[in-house]
1. Can we say residue 331 is out of contact with any Ser or Thr (no Cβ under 6 Å at 6 or more places or on another chain) and crowded, with 23+ Cβ neighbours inside 10 Å?
2. Residues being under 14 Å from residue 156 (Cα atoms) and charged (D, E, K, R): count how many of those fall in the stretch 249-267.
3. Can residue 366 be described as over 30 Å from residue 76 (Cα atoms) and modelled with pLDDT of 95 or more?
4. Can you spot a residue in the stretch 333-348 that is among the hydrophobic types (A, V, I, L, M, F, W, C), touching a residue at least 40 places away in the same chain (Cβ under 8 Å) and either in contact with a Leu (Cβ under 9 Å, 6 or more places away or on another chain) or not in a helix (DSSP H, G or I) (or both)?
5. Restricting to the stretch 571-596, count the residues that are at pLDDT below 85, in contact with a Phe, Trp or Tyr (Cβ under 8 Å, 6 or more places away or on another chain) and under 26 Å from residue 611 (Cα atoms).
6. Quick one: residue 323 ticks every box in (1) closer than 30 Å to residue 470 by Cα; (2) out of contact with any Lys or Arg (no Cβ under 6 Å at 6 or more places or on another chain) bar one, so which box is it?
7. Residue 656 passes all but one of (1) surrounded by fewer than 21 Cβ atoms within 10 Å (Cβ to Cβ); (2) over 25 Å from residue 488 (Cβ atoms); which number fails?
8. Would you mind finding the one in 249, 236, 200 that is buried (at least 18 other Cβ atoms within 10 Å of the Cβ) and more than 24 Å from residue 96 (Cα to Cα)?
Amino acid sequence: MQRYSHQRYSYQRYQRKTVPLGLAAAFLLCLAAPRAEAQVSKADDLVYPAIPTVEIPSPQRVQLKNGLTLMLLEDHELPLVEARALIRTGSRWEPADHVGLASLVGQVLRSGGTESTPSDALDDLLEDRAAVIETFIGAESGMATMSSLRDDFPEMLAVLADILRHPAFEEDKLEVAKTQVASGIARQNDDANGIAGREFQQLIYGAESPYARDTTYETLANIDRQDLVAWHDKYFHPQNIILGLVGDFESKKAIALVKKIFGDWPKGPALEQVETTMGESPSGIFHVEKNDVTQSYIRIGHLGIERHNPDYHAVELMNEVFGGSFAARLFSRVRSKKGLAYNVGGRVGSGWDHPGIFSMSMSTKTETTMAGIEALLEEARNMTSEPPTDEEVEKARASILNSFVFRADSTGEILNQQMTYAYYGFPLDWMQRYRRGIESTTTAQVREVAAKYIHPDDFAILVVGPSTGTDGSLSSLGEVQMLDISIPEPPGEIVETTAAGAAEGKRLVGRMLAALGGAEKVDAVRNIHLQATMEATSPQGVMQVQSVGYVKLPNQLRYELTLPFGTIVQVLSGDGSGFLANPQGTQAMPASQVAQLEAAFLRLPVALMQRRDDPGFEAVALEDGELDGKPIQRLHVSLDGHQQTLGIDAETGYVLSIEYRGTGFTGAPGDLRQVFSDYREVQGVMMPFASTTTFDGQPMFDGVNTSVEINGDIDDSLFVKPE
């Protein structure tokens, strides 16, 4: 959150939407007042007056010599001015190996200050003026917005221009932004609905489509400050910008001000067009296994249409009949009558300049998964076998037309629409044309597009949720393709495997095994019970923690952490699932945390050595190093897709350190190092009784084992989620 956020809050309380005179109020009054010519006994007998024509004001449009388009709409109700710059850029122009670059440019453009005003000074300036400037870049466009009081408008517009023209992209602000993105990547598989949306988009558009790519740790690591500078140099030019002004100003003076501030900005090169064609959408049954939820999240559909399609108006009416409101078929039949979902929807999507997606979506109880899928498929088929009726179409038409007032209930909203039309090359009276199209479309045309654009035989069906406990098998619908949503780890040290390195690595593994107590003792370990005291250093401060750990080899783990506010339990059940328990209750463990605990096994020297003969176990010796003045032999180990570098005491063979890429308290990835000491013998096995953990060089944990027991009695119920 920016430092000026509290000012923004107070400013926004003062700000409100302003309604063009004679538009919304009069329209609503007409809708609310039925004719009182005679008493009626039923609501259906009420007669309403005709819907009045909505006159939408048109912004003034000016083209500067350098290509910048200016659109102005005066509104003198409040002493406020807003500026909006729509920039022809977007993530769809990103190179495949730099996905995430556009979003970072959009964030650091504002947060990273300008060449003349450092970020902190910029924050202070905006706070002092109770002004807000924000920037972001999405898939198809970039946006910079400014809000200020009327008297501060000239100064704040100059600040906005400085941000657009001369960003500094400060390194520390870029690192903050990258950390935030990395935190999101770490948690991207925690929300089942988010998974469904992401994976369905990739299925329909194709994983390599610019409309379906996602930022990964690898693409994020490829991005540096110079990439942001190069992106800005390529796309931020006046001929690629539409600047809109709305609020309390005089247009003539505002035009002169814009020319003064932006007029000397060189026009810049023309922007190349992005390829927007799509391949064929795959049909079939797709499943993402997610066992930490009790519902199935369903997406069904295929590619949609573009907005300039001549059938667009008929499709809009068909969408309203199908899934557009509480009275639509999907809602009334699937939700209300069958009770299969709280929320359900569906429509043929339409992009401004590329095809949208036809999608039906719902979440339902695991035990009604198949019933939910069949209900959606039935309604899709019914759009042809039971085509929309005249009554349904008329209700849909009225619903769309009645909503027009809410599409133009503020001058700011009107300006946004007009800027969007200009950006995508649509006529500025597109909304009026849209209304006329809705009014003139017939029921026959709606029926035609229902059959033309809904193709049940070509559906991709995606389910995110458990595979057990359902009311049937997805395979009854066809061959099921399982989707892998595992998150590749952040790129670590690149190690070249040589014959000499592998041979020395094998020797070091044998030396480490001998130091632990030998193969017979290590392989005989079935479980470990540990008790420890720890000091945890988090962003919130230092906490004293009591820890109890139950390790059941090869893959079950239970940690009980007693904190000042209560006890937290983390359990890895051994079947790829886990659960969390705290004073508020018990819940399934998100997939990202399951993966973290599975990787934690590889940082237990005994557990790691038990898997030394696994086919995927690779050990390569690296150049010797030093730890706190003590010589160590470095060993890079890869297993199950995880990589770590061990520091082995050159004298004793004990593991003194383990280095790996992981996540910190915030979920952001970084470099972690565990340092072990105070080795003691426990039933013939050497175990470390003290350890410290750092994250990117900063203290994280400092722990001491107070008790270590090997091969004791550990109840299997400890690893079972309570009902």
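The values are calculated or read from the model by the stated rules, or taken from the named source; none is laboratory data. What you see is a predicted model; the values in this text were computed from it and never measured. Cβ placement follows ideal geometry from the backbone for every residue including glycine, while neighbour counts extend to all protein chains displayed.
1. On the way: out of contact with any Ser or Thr (no Cβ under 6 Å at 6 or more places or on another chain): yes; crowded, with 23+ Cβ neighbours inside 10 Å: no.
For residue 331, the condition - out of contact with any Ser or Thr (no Cβ under 6 Å at 6 or more places or on another chain) and crowded, with 23+ Cβ neighbours inside 10 Å - is not met.
2. 1
3. Values: over 30 Å from residue 76 (Cα atoms): yes; modelled with pLDDT of 95 or more: no.
For residue 366, the condition - over 30 Å from residue 76 (Cα atoms) and modelled with pLDDT of 95 or more - is not met.
4. Filtering the stretch 333-348 for residues among the hydrophobic types (A, V, I, L, M, F, W, C) gives 334, 340-341, 344, 348.
When the remaining residues are screened for being touching a residue at least 40 places away in the same chain (Cβ under 8 Å), the result is 334, 348.
Now narrow it down to the ones that are either in contact with a Leu (Cβ under 9 Å, 6 or more places away or on another chain) or not in a helix (DSSP H, G or I) (or both): 334, 348.
Checked against the condition, which is being among the hydrophobic types (A, V, I, L, M, F, W, C), touching a residue at least 40 places away in the same chain (Cβ under 8 Å) and either in contact with a Leu (Cβ under 9 Å, 6 or more places away or on another chain) or not in a helix (DSSP H, G or I) (or both), the stretch 333-348 yields at least one hit.
5. The number of residues fulfilling the criteria is 1.
6. Against the list (1) closer than 30 Å to residue 470 by Cα; (2) out of contact with any Lys or Arg (no Cβ under 6 Å at 6 or more places or on another chain), residue 323 comes up short only on (2).
7. Evaluating residue 656 over (1) surrounded by fewer than 21 Cβ atoms within 10 Å (Cβ to Cβ); (2) over 25 Å from residue 488 (Cβ atoms) leaves (1) as the failure.
8. 249
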